[in-house]
Structure formats: structure tokens, C-alpha cells
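Have a look at the structure below, then the notes.
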Amino acid sequence: MLFYGPSGAGKKTRITCTLRELFGPGVEKLKIDQRIFLSPSKRKLEINIVQSNFHIEITPSEAGNYDRVVIQELLKEIAQTQQVDLNAKQRFKVVIINEADSLSRDAQAALRRTMEKYMSNMRIILCANSTSRLIAPIKSRCLLMRVAAPNPDEMATVLNYVAKRAPFTLPSEAAKKIIDDSGGNLRKAILVLEALKMQTPDLSGPLAIAKPDWETYCHKVADLIVSEQSPARVMEVRAKFYELLSHCIPPTIILKTVAERVVERVDESLKADIMHWAAFYEVRMRIGSKKIYHLEAWVVKVMSLYKVFIVLPSSA
Amino acid sequence: MGHLEQAKPQPFWLCRVNYSGELSEPRATSLLSIFVSPDNFRNRVLELNASDERGISIVREKIKNFARQTPRAQAASSDGKTYPCPPYKIIILDEADSMTQDAQGALRRIMETYARITRFCLVCNYVTRIIEPLASRCSKFRFTPLDPTSSSSRLAYIAQSEHIDVNSTVIDTLISTSSGDLRRAITYLQSASRLSSSTNPPTPITPVDIQEIAGVVPEAVVNDFASTLGIETDSMDVDGKGGMVASSFGAIQSKVKELMREGFSATQILSQLHDLVILHPTMNGRQKSTCALVFAEADKALCDGADEELWILEVALRVHKALTSS
């Protein structure tokens, strides 16, 4: 099975439900293990594994380039052992592979034959954000389950349910605001609700939803870009990008957030171009190894576009 | 099977498919049916696929060792039947295109030296990824996608023996959504039959079910997206060119966000949009080719792992521009 959909839409929840349905409440007894694998070049890889008697959950992308080794070793080991517990409801074990879309091609190729060969002992559930990066042979072997983000009404129902269980009353304006802010991500919505409840216990009056620090920081960067275009400003922006990168914010997210903010603040005719270059440099960033170059290149590009637009409005 | 029977005297086999990347024709299936005796299978066949470690060291040790042993005498089969048994062993390298160049290079000499007692059989999707010296040592078999009539008869056969109630429109949908890939069609059929039998009383399988299982974006959604970009769709008046409002940046952006929230796969959206644009009745050649360029670039970007939302937005904006500027 392959579950795919945006984050916070409930993929994990559905997987857990499937497991419970298959094996009963026994799957909830989890233990966390650390396993060590040897890469071909004798490097040690440590991988965290969550497992119960019936299933095992791994995030192979933790191993970076060596994810193929993890997949090969671990799956074969599980596949070649049979379920020993006679009371088990099913004869097979389940392997859950998180972030399947960040698996390398090699690792995905390694999955292909194992999936078929050991059908009787093992079933695989893949969990991914999108199917674009999965190779076609894997997709054709799986039952695809698209998990869409919940719509505002459904989210409101969930938030009200949480409020009822807590228990406190949730004003509808507050609920609406939270839903708008979370953009379909239910996990985020519930966390925001919790944070708000801590700040203002009665949840009435004007609410200020605290944005994550990096988001405000990105917005600041965007404002800097729009307000002045000069080499000095580029240096300033560069320092800020370094700050963001050193706090482990993924460069794609930085680029996307800054670009969205810049687009909000410029003239209609420029918007398409700015997004075009954002997409262009995003790909380069993926292919290249040093992210900061591409972020800067984009900033300079946007600045020059904007400058030209201001100086010669007719040509833009 | 006929052509494989004739092929037996050939020293090596290389089965390949056309490099358009068609998948899951019964390559592995037809291979295994040559060595039919179950008793001889174990000591005469070595099967390695991408799930096994296949670096150069394995080629040098495991494969070489297996290749140089003389095959044992043919065991009398336990079930009393006689099976054809050729006087050599077979090494099957499945998914050979994922082997490294070095490993393939190490195979060259092994293949020749032990040709009398061991035959190699490489299976791959793309023959271009097999190094030239190996490819020239093999006789090649190209497996083209199954034609619709034979896949439909196979599907009907499966449905009949599994007592699944399907009509011909469902089978047609299966074949069109899986685009010649029989395994995918069978997987879809299996999932659909599970779904339909889970309700009580069982509901018949409809083409819409198949499309949902296949992960196809519903036509209404694609049409809606297309009309936001300014492509005329069937739901609009044909002469409504003047009435078409060129949607603003904001509208397109929010539409893309909405699509992403629904969790559709970007490549799927792109390919369906592509079909819509290419077969569009009123767009002119220049517009279509500009759009096709955009789609190609986006596909490359997505393959490189670019961000989906940014690229769908990029495609949307450029298609929009192509349509409004000319």
C-alpha cells in the first residue's frame, strides 16, 4: 500500500488504523530500537527503528546515501523470518517505510523484487508526500491511497471535538482564524489551538497567532529585498540567509516563503517573473550542492527585475 | 514462448524492452518457464536482482564460483513427470540496468569463459544502460507492451476464475489507465474487487472506481484548473473567447494551493493537463508548442526532485502567459 498526501492530512493516523484493524490492540505496544548497519565502505550507520510484535517502522532516509543498504538488509531479515506468534491474527508482518519519496533510486529498485517475492511473510506500507519521485515499478505494485487535506468544515468539526473533550468552549471566529492560518494542516491547527489556549485562556477578543520565528524572519528578508536594491543590501540579505540555514531551515522552504512574501508586495506584472525565477533556482539548488549561491542568485535576479521595473516602467 | 524455444542454442540471452521504458511485460515470467523441473531449479539457477548486493566483489566471487561448477547430473523429478532440461546452468540477473558499470565490466570475461556450462540471462528495462561489450555478447529479445486485445482477454480470464463480476467497459478503463502495464491492471483489478466485496451486498465495479484507485485526477478538477489558466474547456461556450477573463496572479496561486492541498501528484496533474492541451481543438500551433516546452521543463525539474507547488505554479503561470499574450 502507498499512502500519499500533504503533511498533516492524516496519513499516519490512517496507517495506524489499518494496523489496528489487522492485528488488534497488540500493535500499540511499541519499542524503540537502534540498529547498526555496515555500509559497503565499512562505515557504521545507526538507524532508529520503532517496532511492535507485528510491525516495524523505519525512516530509511536517515541513512542518507546508504539507504539502499538499510532497505536490503532489514527487509531481507524480516522477510525471511516467519511470524512465530501462533496467536497472531495474520501470518505476515508489516513494514512501514516513512518518507518513501526521499528514498534514492537504488533503494527503490531494491524494493521491487523483495515486495513480490516475500508477499506471504511481509507486507509493505509506504508513506510519502507525493508520488512524483517514486519509480513507476513501485507505483504499479502498490494500492495507491490519496489522502487529501481536510476541508475547513471538517477541520472545524475536529477542533470543536478537541475543545469539547478538553473541555472549553471554542468561539467560531477563533476556529475560523486557526483554520485559515494552518492551510489544511490539521496537526498544525491543533498545535496552534493549544498554544493559543495557553496564551489567552478564554480565546476571545482579537487573537494574534504566533508565527514561527523563521517565518517572520523570512518576511523580514522579503521586506528588505523590496525596500532597497543595492549590493550592500544583498550582503545584508546574505547574512540573514546564513542565519536561517544554520538553524536548519530547509532552503526550499526559505525560498518559497520569501518568494511568496515578495510577490505579495510587488506589482502584478512582476509576479509571474519572480515566481518563474524562484522555480528556476529551486531546481538548481537541488542539483547543486551549495544552497546559498542559488538563494543569492535569486535575490539578485529579483532585485534587478524590480529595479528595472521602477526605473523604466514601460519595459517591464 | 515460441521464439524463446528457438533461442536455446544461443550462448547468451539478453532480454530487453524498448527504451521508452515500458514496464512489466512478462519478461521474468517467460524466463522461468524454460527451466520447468522444480527439482533441478535449485541447483541449476542462480537468480540475483536489485535487492541483492551486486557490486564488483559479488560478481568476482559469488557469480564466478557458481559459473565454474559443472552442473550436477539431472535428478529424476520427484513427481514422476519428465521435464526438458538443458545441459547447463543459468544465472539470471534481474534488473541488470541497475548494476554498476564496474560490475558489468567484470562479467565480460566470466560470460565467455564458462559459456559451455553456464548461460547468462540479463533482464532490464533499458538496454542503453547495459555496457556495449555485454550487449554485444548477448542475443537480444525485445518485449513490447502487450496489445490491448491480449491483455483484455487475460484480465477477463482472471476475473472469470476469481468470480469477479466485471463488464467490458471496466476492462477498457483498466487497460487505458494502466497504459499497457498488465501488472498494474491486475493490481487495480484486485484492489477494486476487494473494495466492492467489502460492502454488503457487494457493489459492482464501475470505471470511476478504477480511476480513483489508479490515482487519476478527476476530469472535473483538471478542467477547472485549465479554465483558470484560460484554456477553454467543454463546459464553456466555444465562442466565449472575448468573455474569458484573464485570471490574475492571485487566482492562479490560490488554485494551485488548493490543488496541492487535495494531495494530487504533480506529475499526474501535468500529464493530464498535457493531454488536454495537446488535443485541444481551438488552440493554435504556437501556443501548443510553447505549452509543451513548459511541460517538458517541469517534468525534468520534478524528476530532479524540485518542489511540486513551485513548479505547478510556474507551469500554470507560463501556460497562462502563452495563452494571453498571443
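Annotations
- Spin-label model distance (nm) - A:E116 vs B:T100, 7 Å beyond Cα toward Cβ: 2.6
- For B:T113, A:T131, the sequence from fewest to most other C-beta atoms within 10 Å is B:T113, A:T131.
- Pairs exceeding 18 Å between alpha-carbon atoms, taken from A:K271/B:K321; A:K301/B:K257; A:K271/B:K300; B:K64/B:K89; A:K211/B:K255; A:K240/A:K290: A:K301/B:K257; A:K271/B:K300; A:K211/B:K255.
- Net lengthening on full extension, A:Q199/A:D213 (0.36 nm per residue, minus Cα-Cα): 3.4 nm
- Listed by Cβ neighbour count within 10 Å, with the fewest neighbours leading, B:L155, B:L293 appear as B:L293, B:L155.
- Across region B:219-325, the fraction of Cα-Cα pairs farther apart than 19 Å, rounded to a whole number, is 39%.
- Of the trypsin sites (Lys or Arg not before Pro) in region A:52-122, the ones in a loop by DSSP (not H, G, I, E or B) with at most 10 other beta carbons within 10 Å are A:R91.
- Among the chymotrypsin sites (Phe, Trp or Tyr not before Pro) within region B:113-215, not one is in coil by DSSP while having at most 11 neighbouring Cβ atoms inside 10 Å.
- Within chain A, helix-based [θ] at 222 nm, where runs of 4 or more DSSP H residues each add -39,500 (n - 2.57), nearest 500: -17500 deg cm²/dmol
- With neighbour counts taken as other beta-carbon atoms within 10 Å, the residues A:H294, B:H163 rank, fewest first, as B:H163, A:H294.
- Partner chain coverage, peptide B:264-272 - average Cβ within 10 angstrom: 4
- Förster-model FRET efficiency, 25 Å R0, A:A148 and A:F168, C-beta, rounded to 0.05: 0.30
- Net charge of the neighbourhood of B:V166, taken over other residues with C-beta under 11 Å away and scored Lys/Arg +1, Asp/Glu -1, is -4.
- Cα-centre dipole for region A:2-146 with unit charges at Cβ (Lys and Arg positive, Asp and Glu negative), debye to 20: 320
- Rg and Dmax over the alpha-carbon atoms of chain A stand at 23.9, 79 Å.
- Compared with the dominant principal axis of the Cα atoms in chain A, helix A:105-117 is inclined by about 30°.
- With one equal scatterer per alpha carbon and no solvent term, the Debye-computed log10 I(q)/I(0) for region A:117-268 at 0.10 1/Å reads -0.60.
- Residue-count net charge about B:T290 - beta-carbon cut-off 12 Å; Lys, Arg +1, Asp, Glu -1: +3
- Anchor A:K89: lysines whose Cα lies under 26 Å away (excluding residues fewer than 8 positions away in-chain): A:K11, A:K12, A:K29, A:K31, A:K76, A:K117
- At R0 = 41 Å, FRET efficiency that the Cβ-Cβ distance of A:A136 and A:Y242 yields, to 0.05: 0.55
- Length-normalised contact order for chain A - Cα pairs under 8 Å, 6+ apart - percent: 15
- Charge-dipole axis of region A:30-78 as Lys and Arg at +1 and Asp and Glu at -1 on Cβ define it, positive-most pick from A:N48, A:Q72, A:L38: A:L38
- Estimated FRET transfer efficiency (A:Q82, A:I292; beta-carbon r; R0 51 Å; 0.05): 0.50
- For region B:152-213, alpha-carbon Rg over 2.2 N^0.38 Å: 0.99
- Computed from the Kirkwood radius of its Cα pairs, the Stokes-Einstein diffusion coefficient for region A:152-199 at 20 °C and 1.002 mPa s stands at 207 µm²/s.
- Debye log10 I(q)/I(0) at q = 0.09, 0.13, 0.19 Å⁻¹ for region A:2-146, Cα point scatterers: -0.26, -0.56, -1.25
Read-outs: derived from the displayed coordinates by stated rules, not from any lab. On a predicted model such as this, the values are computed, not experimentally measured, just so you know. Cβ coordinates were reconstructed from backbone atoms using ideal geometry, including for glycine residues, and neighbour counts include every protein chain displayed.
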